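Have a look at the structure below, then the notes.
The values are calculated or read from the model by the stated rules, or taken from the named source; none is laboratory data. Everything quoted here is computed from the prediction, not taken from an experiment. Please note: Cβ atoms are built from the backbone with ideal geometry, for glycine as well, and neighbour counts cover all protein chains shown.
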There are 2 protein chains.
Amino acid sequence: MHRTHQCGSLTTANIGETVTLNGWVQTRRDLGGVLFIDLRDRSGIVQIVFNPAYSGEALAIADRVRSEYVLSVTGKVVQRDAETVNPNLPTGQIEVQITEIEVLNGAKTPPFFIEDGVEVDESLRLKYRYLDLRRPEMQKTLLLRSKASKIFRDFLDGEGFIEVETPILTKSSPEGARDYLVPSRVHEGEFFALPQSPQQYKQLLMVGGIERYFQIARCFRDEDLRADRQPEFTQVDIETSFMNQDELLGMMEQLMARLFKETINVDIPLPFQRLTYAEAMDKYGSDKPDLRFGLELIQVSDLVASSGVKVFASVVEKGGEVKVLNAKGCGTWSRKEIDDLGPFAARYGAKGLAWIQVKEGEFKGPIVKFFTPEEIEALKERTGAEEGDLLLFSADNKKVVADVLGALRLKIGKQLGLINENEFKFAWVVDFPLLEWDEEEKRYVALHHPFTRPRDEDQHLFETDPGSILAQAYDIVLNGYEVGGGSMRIYKRDMQEKMFAALGLSPEDAKYKFGHLLDAFEYGTPPHGGIAFGLDRLVMLLSGRSNLRETIAFPKTASATDLLMDAPSPVDQGQLEQLHIKLVKKPGEEKKVHS
Amino acid sequence: MHRTHQCGSLTTANIGETVTLNGWVQTRRDLGGVLFIDLRDRSGIVQIVFNPAYSGEALAIADRVRSEYVLSVTGKVVQRDAETVNPNLPTGQIEVQITEIEVLNGAKTPPFFIEDGVEVDESLRLKYRYLDLRRPEMQKTLLLRSKASKIFRDFLDGEGFIEVETPILTKSSPEGARDYLVPSRVHEGEFFALPQSPQQYKQLLMVGGIERYFQIARCFRDEDLRADRQPEFTQVDIETSFMNQDELLGMMEQLMARLFKETINVDIPLPFQRLTYAEAMDKYGSDKPDLRFGLELIQVSDLVASSGVKVFASVVEKGGEVKVLNAKGCGTWSRKEIDDLGPFAARYGAKGLAWIQVKEGEFKGPIVKFFTPEEIEALKERTGAEEGDLLLFSADNKKVVADVLGALRLKIGKQLGLINENEFKFAWVVDFPLLEWDEEEKRYVALHHPFTRPRDEDQHLFETDPGSILAQAYDIVLNGYEVGGGSMRIYKRDMQEKMFAALGLSPEDAKYKFGHLLDAFEYGTPPHGGIAFGLDRLVMLLSGRSNLRETIAFPKTASATDLLMDAPSPVDQGQLEQLHIKLVKKPGEEKKVHS
């Protein structure tokens, strides 16, 4: 019996047709000797009916099937009786009267129900991922992911981009995150590394005259995992020659608009808002602000520097700052509600959390008494504080103030229902600093990566004030997530050498680690730049899921384990010998080798 | 200056327009103070002219540029003088009179000329791959590869296939080739493996109800490399549920026809020829026969079994066979020419190479005297030997006879010019044996892989004669290359257990290695099967290149080295410590760690 239709595709237009369907038993109900089965395939569900009146032997066979059995059935599509029409099902107007059945495979009772919204422990879902994937939600997400990839490809193909595959077995590059290493069997004592991104290869493709490159590329970082990280992840990797930052950003906006329109039918207004890094940090305390609501941070250092609040005065004197978040409408919160914000703020580095409520036209709260009436007036004006408002103060170095108030802004924004969950608010964050001082290593590190080009007007600052150089770098943010980022790249050897020197890399080390790139810059390298989008995160936002793992067919857990395959796992001693390595045992520990 | 046109796109239609071009200096010629530069970008080449009459300062700047300098130039498109038209260049009717120039970057003299057909040592090309990629041939091949991938995706998307990404960090599966291993930092003493193919994942996707899956997937095999192998390679990986072999093969033929039509405009006749494995081995001595010419092998065991040629008689008696290749028209070869075939045949296992020439109506050659006139007549009739033919005999076990005569057939076919290099001759080879006896291991091994489904009519043979079971497996061959292969898969646990048992795997080992798959088969697994195409090889055949490395942007050498990046390479001791491994040193050897 050859499948003629998909379950979910049947409509009243098929009434009278004889169809053959293949699928899984979702549910079965026996109503007085008549058997109703909801049959499910990738397209959806349809009701099939076994009735002594027309099903013959098929009824007896059907009587033995259980949930998740795989069936092939043939029968006639008929209109349902008016009282049995199911308006919640696309196929709810019809049913199929079955005359033939073949049980293609049986099924044990699954460890959880195959339907959306069931509360199941995630580790059980991951161990039985092949059952979890049957849930409509997972099917929908994987379909959307496939569609999103296709839209990226179609758009970029239309703009003359060539997809080029770059190596997975490549060279360890100790800048950046921890590498996954692969011991070489042929070259004793040597290792490949899995790429953290195809960064160097894509730049070399530009040197190679490819001009417009893209790749939907697997990348690897051996980092300690958080909820929104995976050891392997996918980025849409893009690089162009002869385009400047504005041209590239404009094209990428078109790409995003098409992606959102063609996947979830959302119109994204163009052009995107652009914020400098400095503005973003100042107003939102974050370089990936959620712009679906206001609640901007307010600078008050000047107003409180000489106030009676000693901690404010001393922070400002030491070069720190004092900023305020005006939590509109939270002036009625109880003392306990306000105090509960303290531990939250502390997680982001706050040593305390001063506050003022506006009640009955007055500033109220423990610190009010330390202000002069003029200071109170000035604060009122600067913060726009009105009846019912709550002013939250953070006083510390710039980073802590941004972290604390940025986090409070998000928390309170959510709590107050200021966020429209159906809105997609894109923005570019531009003019990032090129370098960042690392207190531990006592040297500058690259904020993006060492190949980022300084702004033309800042290039002279390498000698005098490298910390103040701004970069031709940009992030694309959406609803509080960074969904992509990139930069124009350095394309001249002397500039790249200056950059390496600023990072504290000796000429010898620079040559050892990046010699191929420095050499390449001497053979006619075009001006180039690019961007990479995080596909997993974009799919997460497109599909309204809350976790990257929901967007990946076979994800790893927070401890980098594949629960389905049981990987990683011990290997044969012989395999290790071929690779010229052995395990380092802790004393007294048994060797962990499968034999 | 914003680029307005690509160099290769300019035609007489642009005459009179002012254009801005970006590109590389291919050549420069100074003719009496007028400077002609061939400017190259990805699209092609155009002649730009600097003339004191209109170029002003631009001429002085242009005078300093050399090969591979990167320029941005602006000027007017004009018709060339009749005598300077270059009919070999698509842009040969026009030239661009330059008024503005910017040197975007300089270039040292490259280590080889950036043009096709230059004799350059391959290792030099790989070390400077970023220059090699500028050659039109490489650009064309990468463009074709990108296009081929897109056609695969568009076709499969149109047929309802979903592209799903499967993990690169997965579990070592000691069946098959050698794995690349990745030590885990988090799980001490444990390892991930890079996938040799997404085989198990794609089957689990079918269990998961994806129904139609594909992926253009990176695969890894740590094998000793030959000219046509790479440690990492790309396959177009396809799996379907509810389709039988005929349906799948028919769809894949459509896919191949579209691929060849849309990339190189070749019409592939459908349907493809189908050969059983037995036929292919019998007629061509190969399971991937080149069908662009005949020269089929001829069975003569019965005719020579009782002849006076002792070695023939004894081979047949021991269960071997004697076959003949009739090298049409080689009857005039000298004794030396014929003898030269001996060492060639020996490479494929031949202990000797008997032959007969047909000259002046007579069989001639050392073995002729051992045949009776009746035997000669029978040989003549069976082999169709005519004046000027050369009969080459191989007598040995089946495998050696196939290898020797299969190789001779290809060699002589080429030598005689029987192969039309512009023809693309596809075929399916079907009905492969399921199992193959491994003399060394004294057990059966899977000819394809352990998940291949036996033919329905052969399934009872597991108990009695497993070696004679034929599989629902198929290879797609093109001009003597296997460009893809696949099978219908086992989808019931008891059948899979029988298969593992036939391979000598204990139930415990089967559970340890493949427990997740055996479990999955108990929860409603649909009948499924699939195929994988070798993308590198298909692109090689489509582009008429002779080496897989020519189809890959950054390939590895025969010793699995990336000459551009210098990978693999030593890593820091600290990295190894984090991974809980250390190097095994040969006595007296220095530790190979970069510090």
Can you give me the number of residues within the stretch B:130-143 that are at the interface with chain A (Cβ under 10 Å from one of its Cβ atoms) and crowded, with 19+ Cβ neighbours inside 10 Å? 9
I'd like to know if the stretch A:8-20 contains one or more residues that are out of contact with any Gly (no Cβ under 6 Å at 6 or more places or on another chain), under 24 Å from A:Pro110 (Cβ atoms) and in a strand (DSSP E or B). no
From the list B:Phe192, B:Phe161, exactly one residue is in contact with a Lys or Arg (Cβ under 9 Å, 6 or more places away or on another chain), closer than 20 Å to A:Asp562 by Cβ and not basic (Lys, Arg). Which is it? B:Phe192
Kindly provide the set of residues from the stretch B:482-500 that are surrounded by fewer than 17 Cβ atoms within 10 Å (Cβ to Cβ) and either farther than 22 Å from B:Tyr523 by Cβ or within 19 Å of the chain's Cα centre (by Cα) (or both), ordered by number. B:Glu482
Condition first: touching a residue at least 12 places away in the same chain (Cβ under 8 Å), closer than 30 Å to A:Ala107 by Cβ and more than 18 Å from the chain's Cα centre (by Cα). Can you find one or more residues in the stretch B:251-271 that meet it? yes
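Per-residue answers, yes or no, for (1) of a type outside the set (A, V, I, L, M); (2) at pLDDT 95 or above:
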| residue | (1), (2) |
| --- | --- |
| A:Asn479 | yes, yes |
| A:Glu508 | yes, no |
| A:Gly534 | yes, yes |
| A:Val539 | no, yes |
| A:Ala553 | no, yes |
| A:Thr557 | yes, no |
| A:Ala560 | no, no |
| A:Asp572 | yes, no |
| A:Gly588 | yes, no |
Could you grab me the full set of residues in the stretch B:536-574 that are assigned to a loop (DSSP other than H, G, I, E, B) and aliphatic (A, V, I, L, M)? B:Ile552, B:Ala553, B:Ala558, B:Ala560, B:Leu563, B:Leu564, B:Met565, B:Val571
Just to be sure, is B:Glu83 assigned to a loop (DSSP other than H, G, I, E, B), at pLDDT below 95 and acidic (Asp, Glu)? no
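Filter the stretch B:281-314 down to the residues that are in contact with a helix residue (DSSP H, G or I) (Cβ under 9 Å, 6 or more places away or on another chain), farther than 16 Å from B:Ile367 by Cα, part of a helix (DSSP H, G or I) and not acidic (Asp, Glu) and list them by number. Spell out how you get there, then give the answer.
From the stretch B:281-314, those in contact with a helix residue (DSSP H, G or I) (Cβ under 9 Å, 6 or more places away or on another chain) are B:281-282, B:284-310, B:312-313; that's our starting set.
Next cut, farther than 16 Å from B:Ile367 by Cα only: B:281-282, B:284-299, B:302.
Still in the running and part of a helix (DSSP H, G or I): B:281-282, B:284, B:302.
B:Met281, B:Tyr284, listed by residue number.
Yes/no per residue for (1) out of contact with any Cys (no Cβ under 8 Å at 6 or more places or on another chain); (2) closer than 14 Å to B:Ile98 by Cβ; (3) more than 14 Å from every other protein chain (Cβ to nearest Cβ); (4) free of Cβ contacts under 8 Å to residues at least 60 places away in the same chain:
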{"residue": "B:His2", "(1), (2), (3), (4)": "yes, no, no, yes"}
{"residue": "B:Gln6", "(1), (2), (3), (4)": "yes, no, no, yes"}
{"residue": "B:Gly23", "(1), (2), (3), (4)": "no, yes, no, yes"}
{"residue": "B:Gly33", "(1), (2), (3), (4)": "yes, no, yes, yes"}
{"residue": "B:Phe36", "(1), (2), (3), (4)": "yes, yes, yes, yes"}
It is to be established whether one or more residues within the stretch A:71-90 are closer than 18 Å to A:Gly106 by Cα and crowded, with 21+ Cβ neighbours inside 10 Å. yes
Any idea how many residues of the stretch A:92-108 are away from chain B (no Cβ under 13 Å) and outside any strand (DSSP E or B)? 2
Given the conditions (1) within 30 Å of B:Phe112 (Cβ to Cβ); (2) at the interface with chain B (Cβ under 10 Å from one of its Cβ atoms), and given that A:Pro570 satisfies all but one, which numbered condition is not satisfied? (1)
Among the residues of the stretch B:45-67 satisfying the criterion of being crowded, with 20+ Cβ neighbours inside 10 Å and touching a helix residue (DSSP H, G or I) at 6+ places or on another chain (Cβ under 8 Å), which is farthest from B:Gln139 (Cα to Cα)? B:Ser55
For the stretch B:5-18, how many residues are closer than 21 Å to B:Leu59 by Cα and surrounded by 20 or more Cβ atoms within 10 Å (Cβ to Cβ)? 1
All but one of (1) in contact with an Asp or Glu (Cβ under 8 Å, 6 or more places away or on another chain); (2) closer than 30 Å to B:Pro136 by Cα; (3) surrounded by 24 or more Cβ atoms within 10 Å (Cβ to Cβ) hold for A:Leu156; which doesn't? (3)
All positions within the stretch A:562-574 that are surrounded by fewer than 21 Cβ atoms within 10 Å (Cβ to Cβ) and without any contact (Cβ under 8 Å) to a residue 24 or more places away in the chain: A:Asp566, A:Asp572, A:Gln573, A:Gly574
Only one residue in B:Lys150, B:Lys127 is at pLDDT 95 or above, facing chain A (nearest Cβ under 7 Å) and surrounded by fewer than 20 Cβ atoms within 10 Å (Cβ to Cβ), so which one is that? B:Lys150
For the stretch A:442-461, state whether one or more residues are within 14 Å of chain B (Cβ to nearest Cβ), surrounded by fewer than 22 Cβ atoms within 10 Å (Cβ to Cβ) and at negative phi. yes
Working carefully through the options B:Lys582, B:Lys556, find the one that is among the basic types (Lys, Arg) and facing chain A (nearest Cβ under 7 Å). B:Lys582
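For B:Phe371, state whether it is buried (at least 19 other Cβ atoms within 10 Å of the Cβ), touching a residue at least 60 places away in the same chain (Cβ under 8 Å) and farther than 25 Å from B:Pro289 by Cβ. I'd like the intermediate steps shown before the answer.
On the way: buried (at least 19 other Cβ atoms within 10 Å of the Cβ): yes; touching a residue at least 60 places away in the same chain (Cβ under 8 Å): yes; farther than 25 Å from B:Pro289 by Cβ: yes.
Yes, satisfied.
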Within the stretch B:319-346, count every residue that is surrounded by fewer than 14 Cβ atoms within 10 Å (Cβ to Cβ) and either touching a residue at least 24 places away in the same chain (Cβ under 8 Å) or not assigned by the TED database to the domain that holds B:Thr372 (or both). 2
Whichever residue in the stretch B:159-184 is among the charged types (D, E, K, R), within 8 Å of chain A (Cβ to nearest Cβ) and under 16 Å from B:Glu223 (Cα atoms) and, among such residues, is surrounded by the fewest Cβ atoms within 10 Å (Cβ to Cβ): B:Arg178
Could you look through the stretch A:185-226, keep only residues that are aromatic (Phe, Trp, Tyr) and more than 7 Å from chain B (Cβ to nearest Cβ), and pick out the one that is farthest from A:Thr452 (Cα to Cα)? A:Phe220
